[in-house]
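One structure is given below, encoded as C-alpha coordinates.
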Amino acid sequence: GDSVTQMEGPVTLSEEAFLTINCTYTATGYPSLFWYVQYPGEGLQLLLKATKADDKGSNKGFEATYRKETTSFHLEKGSVQVSDSAVYLCALSDWGSARQLTFGSGTQLTVLP
Amino acid sequence: ETGVTQSPTHLIKTRGQQVTLRCSSQSGHNTVSWYQQALGQGPQFIFQYYREEENGRGNFPPRFSGLQFPNYSSELNVNALELDDSALYLCASSSGQDQYEQYFGPGTRLTVT
(Lines give C-alpha, C1' and ligand atoms only; values in the text may rest on other atoms or scores of the structure.)
Protein backbone atom coordinates (compact mmCIF):
# COMPACT_ATOMS: atom_id res chain seq x y z
CA GLY A 1 0.00 0.00 0.00
CA ASP A 2 0.89 3.66 -0.03
CA SER A 3 3.38 4.97 2.52
CA VAL A 4 5.28 8.14 3.41
CA THR A 5 8.64 8.28 5.16
CA GLN A 6 9.91 11.44 6.82
CA MET A 7 13.28 12.18 8.29
CA GLU A 8 13.48 11.50 11.98
CA GLY A 9 13.22 14.49 14.27
CA PRO A 10 13.26 16.62 16.20
CA VAL A 11 15.10 19.34 14.29
CA THR A 12 16.48 22.38 16.10
CA LEU A 13 17.76 25.37 14.13
CA SER A 14 18.82 28.93 14.82
CA GLU A 15 16.79 31.76 13.37
CA GLU A 16 17.66 32.49 9.69
CA ALA A 17 19.14 29.02 9.16
CA PHE A 18 18.31 26.94 6.08
CA LEU A 19 15.72 24.20 6.55
CA THR A 20 15.37 20.87 4.77
CA ILE A 21 12.96 18.15 5.88
CA ASN A 22 13.20 15.02 3.78
CA CYS A 23 10.13 13.12 2.60
CA THR A 24 9.95 10.07 0.35
CA TYR A 25 6.89 8.12 -0.66
CA THR A 26 5.71 4.81 -2.05
CA ALA A 27 2.57 4.73 -4.17
CA THR A 28 1.17 2.56 -6.91
CA GLY A 29 -0.18 5.41 -9.04
CA TYR A 30 0.45 9.12 -9.38
CA PRO A 31 -0.48 10.66 -6.08
CA SER A 32 -0.84 14.28 -5.10
CA LEU A 33 1.68 15.35 -2.46
CA PHE A 34 1.23 17.71 0.47
CA TRP A 35 2.98 19.33 3.38
CA TYR A 36 0.85 20.11 6.42
CA VAL A 37 1.89 22.10 9.49
CA GLN A 38 0.55 21.50 13.00
CA TYR A 39 0.94 24.13 15.69
CA PRO A 40 0.50 23.14 19.35
CA GLY A 41 -3.15 22.68 20.24
CA GLU A 42 -4.32 23.22 16.68
CA GLY A 43 -5.41 21.09 13.75
CA LEU A 44 -3.46 20.56 10.59
CA GLN A 45 -3.05 23.43 8.14
CA LEU A 46 -2.20 22.82 4.50
CA LEU A 47 1.16 24.45 3.82
CA LEU A 48 1.67 23.56 0.16
CA LYS A 49 0.81 20.94 -2.43
CA ALA A 50 1.86 19.51 -5.79
CA THR A 51 -0.34 17.39 -8.00
CA LYS A 52 2.03 16.11 -10.70
CA ALA A 53 5.67 15.38 -11.35
CA ASP A 54 8.03 18.40 -11.42
CA ASP A 55 5.38 20.66 -9.88
CA LYS A 56 6.75 23.00 -7.22
CA GLY A 57 4.49 23.92 -4.34
CA SER A 58 5.31 27.08 -2.41
CA ASN A 59 3.84 29.13 0.42
CA LYS A 60 5.17 31.49 3.11
CA GLY A 61 8.75 30.97 1.92
CA PHE A 62 8.50 27.18 2.02
CA GLU A 63 9.00 25.15 -1.16
CA ALA A 64 8.83 21.51 -2.21
CA THR A 65 9.24 19.90 -5.64
CA TYR A 66 7.48 16.68 -6.70
CA ARG A 67 10.30 14.41 -7.87
CA LYS A 68 8.86 11.28 -9.44
CA GLU A 69 12.26 9.80 -10.33
CA THR A 70 13.36 9.82 -6.68
CA THR A 71 9.81 9.57 -5.21
CA SER A 72 10.58 12.54 -3.01
CA PHE A 73 8.95 15.79 -1.88
CA HIS A 74 11.50 17.49 0.38
CA LEU A 75 10.48 20.65 2.21
CA GLU A 76 12.86 23.63 2.17
CA LYS A 77 12.98 27.16 3.48
CA GLY A 78 15.86 29.54 3.03
CA SER A 79 15.60 31.40 6.34
CA VAL A 80 13.50 30.07 9.20
CA GLN A 81 11.88 32.19 11.89
CA VAL A 82 10.93 31.41 15.47
CA SER A 83 7.28 31.44 14.38
CA ASP A 84 7.99 28.45 12.07
CA SER A 85 8.35 26.20 15.12
CA ALA A 86 5.76 23.45 14.64
CA VAL A 87 5.30 19.86 13.51
CA TYR A 88 5.58 19.36 9.75
CA LEU A 89 3.81 16.40 8.12
CA CYS A 90 4.31 15.10 4.62
CA ALA A 91 1.32 13.36 3.04
CA LEU A 92 0.06 11.87 -0.18
CA SER A 93 -3.41 11.41 -1.59
CA ASP A 94 -4.17 8.51 -3.85
CA TRP A 95 -6.57 8.48 -6.76
CA GLY A 96 -9.09 6.15 -5.18
CA SER A 97 -12.61 7.28 -4.51
CA ALA A 98 -11.89 8.37 -0.94
CA ARG A 99 -8.79 10.40 -1.76
CA GLN A 100 -7.61 9.55 1.73
CA LEU A 101 -4.44 11.15 3.00
CA THR A 102 -1.52 8.94 3.99
CA PHE A 103 0.82 10.79 6.37
CA GLY A 104 4.39 10.46 7.45
CA SER A 105 5.18 10.44 11.16
CA GLY A 106 5.87 14.17 11.30
CA THR A 107 8.98 16.22 12.10
CA GLN A 108 9.10 18.57 15.08
CA LEU A 109 10.92 21.79 14.18
CA THR A 110 12.14 24.17 16.88
CA VAL A 111 13.68 27.48 15.84
CA LEU A 112 15.74 29.29 18.47
CA PRO A 113 16.19 33.09 18.48
CA GLU B 1 -16.89 31.34 6.15
CA THR B 2 -16.96 29.02 9.16
CA GLY B 3 -14.14 26.49 9.38
CA VAL B 4 -14.27 22.91 10.59
CA THR B 5 -15.28 22.61 14.24
CA GLN B 6 -15.10 19.62 16.55
CA SER B 7 -16.53 18.82 19.95
CA PRO B 8 -15.65 18.15 22.63
CA THR B 9 -12.09 19.46 22.85
CA HIS B 10 -11.00 16.94 25.43
CA LEU B 11 -12.58 13.78 26.77
CA ILE B 12 -11.61 11.19 29.36
CA LYS B 13 -13.23 7.75 29.24
CA THR B 14 -12.74 4.40 30.93
CA ARG B 15 -11.77 1.22 29.10
CA GLY B 16 -14.87 -0.58 27.81
CA GLN B 17 -16.99 2.57 27.53
CA GLN B 18 -18.38 4.09 24.36
CA VAL B 19 -17.69 7.59 23.00
CA THR B 20 -19.18 9.89 20.36
CA LEU B 21 -17.18 12.67 18.77
CA ARG B 22 -18.74 15.37 16.62
CA CYS B 23 -17.62 17.39 13.63
CA SER B 24 -19.18 20.25 11.70
CA SER B 25 -17.82 20.58 8.20
CA GLN B 26 -16.81 23.79 6.51
CA SER B 27 -19.59 25.60 4.69
CA GLY B 28 -20.13 24.15 1.22
CA HIS B 29 -18.28 20.89 1.93
CA ASN B 30 -20.13 17.58 1.54
CA THR B 31 -17.31 15.18 2.44
CA VAL B 32 -15.97 14.43 5.91
CA SER B 33 -12.96 12.28 6.75
CA TRP B 34 -11.86 11.12 10.20
CA TYR B 35 -8.27 10.48 11.27
CA GLN B 36 -6.66 9.14 14.44
CA GLN B 37 -3.35 10.69 15.50
CA ALA B 38 -1.47 8.87 18.25
CA LEU B 39 1.10 10.86 20.20
CA GLY B 40 4.21 11.47 18.11
CA GLN B 41 2.71 9.88 15.00
CA GLY B 42 1.09 11.06 11.81
CA PRO B 43 -2.69 10.83 11.43
CA GLN B 44 -4.16 7.50 10.30
CA PHE B 45 -7.25 7.44 8.06
CA ILE B 46 -10.29 5.92 9.76
CA PHE B 47 -13.08 6.47 7.21
CA GLN B 48 -14.75 9.02 4.98
CA TYR B 49 -18.37 10.01 4.44
CA TYR B 50 -19.67 11.53 1.23
CA ARG B 51 -23.31 12.62 1.04
CA GLU B 52 -24.24 10.52 4.09
CA GLU B 53 -22.67 7.29 2.77
CA GLU B 54 -19.36 5.69 3.84
CA ASN B 55 -16.97 6.28 0.96
CA GLY B 56 -13.84 4.50 2.13
CA ARG B 57 -12.39 2.96 5.26
CA GLY B 58 -8.91 2.49 6.67
CA ASN B 59 -7.59 -0.39 8.73
CA PHE B 60 -9.77 0.13 11.80
CA PRO B 61 -12.04 -2.46 13.46
CA PRO B 62 -15.85 -2.32 13.21
CA ARG B 63 -16.15 -0.85 16.69
CA PHE B 64 -15.18 2.42 14.97
CA SER B 65 -18.32 3.61 13.21
CA GLY B 66 -19.66 6.86 11.88
CA LEU B 67 -22.56 8.85 10.58
CA GLN B 68 -23.04 11.82 8.34
CA PHE B 69 -26.15 13.96 8.58
CA PRO B 70 -28.07 15.85 5.87
CA ASN B 71 -26.28 19.07 6.84
CA TYR B 72 -22.98 17.15 6.28
CA SER B 73 -21.94 17.25 9.91
CA SER B 74 -20.59 13.94 11.16
CA GLU B 75 -20.13 11.73 14.21
CA LEU B 76 -17.45 9.21 15.04
CA ASN B 77 -18.49 6.49 17.48
CA VAL B 78 -16.08 4.15 19.20
CA ASN B 79 -17.41 1.19 21.20
CA ALA B 80 -15.60 -0.93 23.78
CA LEU B 81 -12.81 1.60 24.25
CA GLU B 82 -9.28 0.29 24.64
CA LEU B 83 -6.25 2.03 26.11
CA ASP B 84 -4.70 2.26 22.63
CA ASP B 85 -7.65 4.36 21.45
CA SER B 86 -6.14 7.29 23.37
CA ALA B 87 -5.28 9.78 20.64
CA LEU B 88 -6.17 13.04 18.92
CA TYR B 89 -9.13 12.50 16.59
CA LEU B 90 -9.15 14.82 13.63
CA CYS B 91 -12.00 15.59 11.31
CA ALA B 92 -11.39 17.01 7.83
CA SER B 93 -13.89 18.30 5.31
CA SER B 94 -13.65 18.77 1.59
CA SER B 95 -15.90 19.52 -1.35
CA GLY B 96 -16.87 16.87 -3.85
CA GLN B 97 -15.28 18.88 -6.62
CA ASP B 98 -11.91 19.21 -4.91
CA GLN B 99 -11.66 16.19 -2.68
CA TYR B 100 -7.90 16.11 -2.43
CA GLU B 101 -7.74 19.39 -0.52
CA GLN B 102 -8.94 18.65 2.98
CA TYR B 103 -9.47 21.23 5.73
CA PHE B 104 -8.89 20.02 9.28
CA GLY B 105 -10.56 20.84 12.55
CA PRO B 106 -8.63 21.34 15.81
CA GLY B 107 -9.30 17.78 16.94
CA THR B 108 -10.68 16.02 20.01
CA ARG B 109 -8.17 14.68 22.50
CA LEU B 110 -9.46 11.35 23.85
CA THR B 111 -7.84 9.75 26.88
CA VAL B 112 -8.84 6.21 27.84
CA THR B 113 -7.91 5.10 31.35
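The values are calculated or read from the model by the stated rules, or taken from the named source; none is laboratory data. Please read all numbers here as calculations on a predicted model, not as lab measurements. We place every Cβ from the backbone using ideal geometry, glycine too, and count neighbours over all the protein chains shown. SASA here: full protein model, heavy atoms, side chains in, ligands and nucleic acids out. Shrake-Rupley method; radii C 1.70, N 1.55, O 1.52, S 1.80 Å.
Assorted remarks:
- Charge tally around B:A38: other residues with Cβ under 10 Å, Lys/Arg +1 each, Asp/Glu -1 each, net -2.
- Ligands, DNA and RNA excluded, the heavy atoms of B:F69 present near 70 Å² of accessible surface to a 1.4 Å solvent probe.
- Nearest-0.05 FRET efficiency for B:Q17 and B:L67, computed from C-beta distance (R0 22 Å): 0.70
- With every protein chain in place and a 1.4 angstrom probe, the accessible-area ranking of A:D2, B:D84, largest first, reads B:D84, A:D2.
- Theoretical FRET efficiency, 1/(1+(r/R0)^6), r = Cβ-Cβ of A:T12 and A:E63, R0 22 Å, to 0.05: 0.55
- Less than 5 angstrom separates the built amide H of A:G9 from those of A:Q108, all sequence-distant by 5 or more or on a different chain.
- In this rough spin-label picture, where each label sits 7 Å from Cα along the Cβ direction, the B:T9-A:Q45 distance is 1.8 nm.
- Local electrostatic count, A:T102, Cβ distance below 9 Å [Lys/Arg +1, Asp/Glu -1]: -2
- The H on the amide N of B:N55, modeled in the peptide plane, is under 5 Å from the matching H of B:Q48, B:Y49, B:Y50, each at least 5 residues off or on a different chain.
- Restricting attention to the protein assembly as shown, lysine pairs at least eight places apart or on different chains and with alpha-carbon atoms under 25 angstrom apart total 11.
- Ranking of B:S86, A:S14, A:S93 by solvent-accessible surface, largest first: A:S14, B:S86, A:S93 (1.4 Å probe, protein heavy atoms only, all chains present).
- Heavy-atom accessible area ranking, 1.4 Å probe, most first, across A:H74, B:H10: B:H10, A:H74
- Surface share of carbon and sulfur [accessible, 1.4 angstrom probe, percent] for region B:55-113: 51
- The trypsin sites (Lys or Arg not before Pro) found in region B:1-99 that occupy coil by DSSP, while having at most 16 further C-beta atoms within 10 Å, are B:R15, B:R51, B:R63.
- Note on A:T28: accessible area approximately 140 square angstrom, rounded to 10, probe 1.4 Å, nucleic acids and ligands left out.
- Per residue, the protein assembly as shown exposes 47 Å² of solvent-accessible protein surface, assessed with a 1.4 angstrom probe and all protein chains in place.
- Summed side-chain charge close to A:T20 - residues other than A:T20 whose Cβ falls under 12 Å, Lys, Arg +1, Asp, Glu -1: -1
- FRET efficiency for the pair A:T26 and A:S85, taken as 1/(1 + (r/R0)^6) with r the Cβ-Cβ distance and R0 = 41 Å, rounds to 0.90.
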